[in-house]
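Here is the structure we will look at, set down as structure tokens.
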Amino acid sequence: MDRKRKNLVRLGTGFGAVAGAAAIAWAGIAAHAEEPVKPSSDFEAQIIGGQPVEEGQYPWLVGLGSPGEGSAYDRQFCGGSVIAEDVVLTAAHCVEDSAAEDLVVFSGSIDLESEDVVETAVADLHVAEDYNAPVAMANDWALLKLAEPVDVEPIALGTEPTEFETLETAGWGDTGEGFPPIAQWVEVPFVNDADCEAAYPDEVDAASMLCAGDIENGGVDSCQGDSGGPIMTPAGDEQVLVGIVSWGYGCAEAGNPGVYGEVADFNDAIEEVLAGWE
Ligand code: 4AZ
């Protein structure tokens with residue numbers, strides 16, 4: 001994704017309406033300073049369509065932010081998932097222009113204004129080598145090696161590309177009414193590859209992406225600021241990390257599902273990086 005596209009989107013206009021251009025929403029540094037992404041005018045918004053996450057519901061859910069002064073809420077710009085005690089999986093597009101020292105991770109509370117938030121520095125960063133190939137936003141994953149372990153339960157990674165009924169996604173992104181201090185979560189219907197490719201002709205790389213959303217009605221989705229965070233499926237008592245919030249045209253619009261990096265598709269590449277960090 002080139003700068004121009006990002007800027008297009010960062011102006012907060014033209015979602016789903018930028019002629020010919022993929023209006024890929026992008027969670028930039030200081031997302032809260034941006035205009036909230038407005039869902040299409042025929043959709044009353046009011047993550048989109050979700051509800052607050054309970055403490056402990058997704059312990060691995062972390063915020064990604066910039067170091068410095070100010071609250072975690074003010075500095076958070078993306079999400080992530082703890083996959084080992086000192087490793088966070090996020091989206092490549094969240095960190096592609098950053099060095100490790102430009103990043104911190106917020107864990108320990110679903111409320112970014114809580115005193116329980118733990119801020120951890122990032123010691124090393126690996127952006128997927130094939131990010132943006134063969135199409136823009138393909139292989140949208142990156143790993144952060146933390147300066148010290150965090151005291152949260154990691155989530156297991158998906159290993160087999162699978163079809164699902166519904167998935168759950170969560171984060172501190174735009175609800176349609178701004179950015180919430182308390183993470184939100186929502187159930188989103190799984191969208192198969194054929195329907196996803198039909199929604200976004202020539203833009204979906206099914207070998208590294210999956211889609212979720214209510215194609216017919218819209219109303220439930222991840223949105224700007226949720227990028228890098230998890231989309232999950234329950235497996236018994238546990239949850240499995242199926243994907244990483246990546247892109248979409250606008251948020252929660254009918255016909256425009258959310259697109260996610262599909263963890264099972266690059267699970268081996270992730271394991272290789274982890275092995276190198278041990
Ligand atoms: C974003 O910019 C973003 N509706 C995340 C997800 C979606 C759109 C934008 C999907 O972080």
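What follows is calculated from the coordinates using simple rules that are stated; it is not laboratory data. Nothing here was measured: the structure is a model prediction, and the numbers come from that model. With ideal geometry, Cβ positions are generated from the backbone for all residues, glycine too; neighbour counts draw on all protein chains shown.
Could you give the nm distance between label points at Asn217 and Asp195, where each point is 7 Å from its Cα heading toward the beta carbon?
My value for the distance between the label points is 1.3 nm.
Taking amide H positions as placed in the peptide plane 1.01 Å from N, state which residues far from Val118 in sequence (5 or more) or on other chains have amide H under 5 Å from it.
Ser107, Gly108, Ser109
Under the Karplus relation 6.51 cos²θ - 1.76 cosθ + 1.60, θ = phi - 60°, what is the ordered set of whole-Hz ³J(HN,Hα) values for segment 65-71, x standing for Gly and Pro?
x, 9, x, x, 7, x, 6
Can you sort Trp172, Trp141, Trp277, Trp185 from fewest to most other Cβ atoms within 10 Å of each residue's own Cβ? All intermediate terms of the calculation are to be shown ahead of the outcome.
Numbers: Trp172 33, Trp141 28, Trp277 14, Trp185 23.
Listing Trp172, Trp141, Trp277, Trp185 from fewest to most nearby Cβ atoms yields Trp277, Trp185, Trp141, Trp172.
Note down the relative contact order for segment 156-265 as a percent, whole number, built from C-alpha pairs under 8 angstrom at least six residues apart.
32 percent
Using θ = phi - 60° and the Karplus relation 6.51 cos²θ - 1.76 cosθ + 1.60, list the HN-Hα couplings for segment 268-278 in order, rounded to whole Hz, with x at every Gly or Pro.
Karplus values, whole Hz, x for Gly and Pro: 5, 5, 5, 4, 5, 5, 4, 4, x, 8, 6.
Can you bin segment 156-265 into rounded, prolate or oblate? Criterion: square roots of the alpha carbon gyration tensor eigenvalues sorted a ≥ b ≥ c, rounded for a/c under 1.5, prolate for a/b above b/c, oblate for the rest. Please list the in-between numbers first.
Numbers: a/c = 1.64, a/b = 1.06, b/c = 1.54.
Note, shape of segment 156-265 comes out oblate.
Is segment 195-241 rounded, prolate or oblate when judged by the Cα gyration tensor, a ≥ b ≥ c being the square roots of its eigenvalues, rounded requiring a/c under 1.5 and prolate requiring a/b larger than b/c?
Details: a/c = 1.74, a/b = 1.51, b/c = 1.15.
Prolate.
Could you list Ser109, Ser71, Ser208 so that the one with the fewest beta carbons within 10 Å of its beta carbon is first and the one with the most is last? Walk me through the intermediate numbers first.
Values: Ser109 18, Ser71 14, Ser208 25.
Going from sparsest to densest Cβ surroundings: Ser71, Ser109, Ser208.
To make sure I understand, if each residue's beta carbon is the centre and we count other beta carbons within 10 Å, what order do Thr169, Thr233, Thr175 fall in, fewest to most?
Sorted ascending by nearby Cβ count, the order is Thr233, Thr175, Thr169.
How large is ³J(HN,Hα), in whole Hz, for each residue of segment 117-127 in order, when computed from phi with the Karplus curve 6.51 cos²θ - 1.76 cosθ + 1.60 and θ = phi - 60°, using x for Gly and Pro?
Couplings: 5, 9, 9, 10, 6, 9, 9, 7, 9, 10, 9 Hz.
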